[in-house]
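We did not get these values from a lab; they are worked out from the coordinates using the rules stated. Note that this is a predicted model, so its numbers are computed, not measured. Cβ placement follows ideal geometry from the backbone for every residue including glycine, while neighbour counts extend to all protein chains displayed.
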Amino acid sequence: MYNNSKIRKHIDDRGWLSELVPASYGNISHVYVTTCLPGVVKAWHRHEKQTDRFILLAGRLLVGLHNEVLTERIVLMPFESVLEIHPKVWHGFSALGTEEAVVLNCTDVPYDPTDELRMPVDSFEFDWKPVSR
């Protein structure tokens with residue numbers, strides 16, 4: 001359904017460096033940035049062939065993942081991990097807090113609008129509110 005791989009950060013007295021898209025990812029065909037404003041939910045869609053790789057650049061992001069077996073909630077923080085979403089997994093996201101979320105996506109195939117299916121935000125039982133602790 002997905003992989004959530006930690007991003008290694010190399011820190012020294014000059015700053016830091018992170019390798020966001022290592023060669024091990026294989027084919028990267030399309031790279032773009034999308035944003036999500038606080039209080040907005042961008043859901044649900046899935047791809048038949050495309051694999052998404054989300055890297056959060058700014059803000060905080062709640063990602064919802066759903067297939068016929070499982071529903072998952074994942075919170076992304078900037079430069080913390082690469083969330084790889086496999087084909088045929090319904091997914092969406094919402095910015096948490098008061099900041100705009102900025103997401104970099106590196107896909108394995110060129111964008112094809114015929115590969116994308118969409119469903120209304122209330123199609124699956126999913127709570128888009130942050131969980132209080």
Exercise for the section: Would you mind pulling out the separation of the Cα centroids of region 78-106 and region 1-31, in Å? Expected result: 15
Fill in the blank from the handout: A correct Stokes-Einstein calculation for region 35-84, using the alpha-carbon Kirkwood radius, 20 °C and 1.002 mPa s, returns a whole-number D in µm² s⁻¹ of 176
Practice task
Quick one: order 17, 56, 96 by neighbouring beta-carbon count within 10 Å, fewest to most.
Solution key: 17, 96, 56
Handout entry: Proximal aspartates and glutamates relative to residue 6, as straight alpha-carbon distance under 15 Å, when same-chain residues fewer than 8 apart are discounted
Key = 19, 80, 84
Exercise for the section: Treating the Cα atoms of region 1-89 as identical point scatterers in vacuum, please give the log10 of the normalised Debye intensity I(q)/I(0) at q = 0.13, 0.16, 0.20, 0.23 Å⁻¹, two decimals. Expected result: -0.49, -0.73, -1.11, -1.39
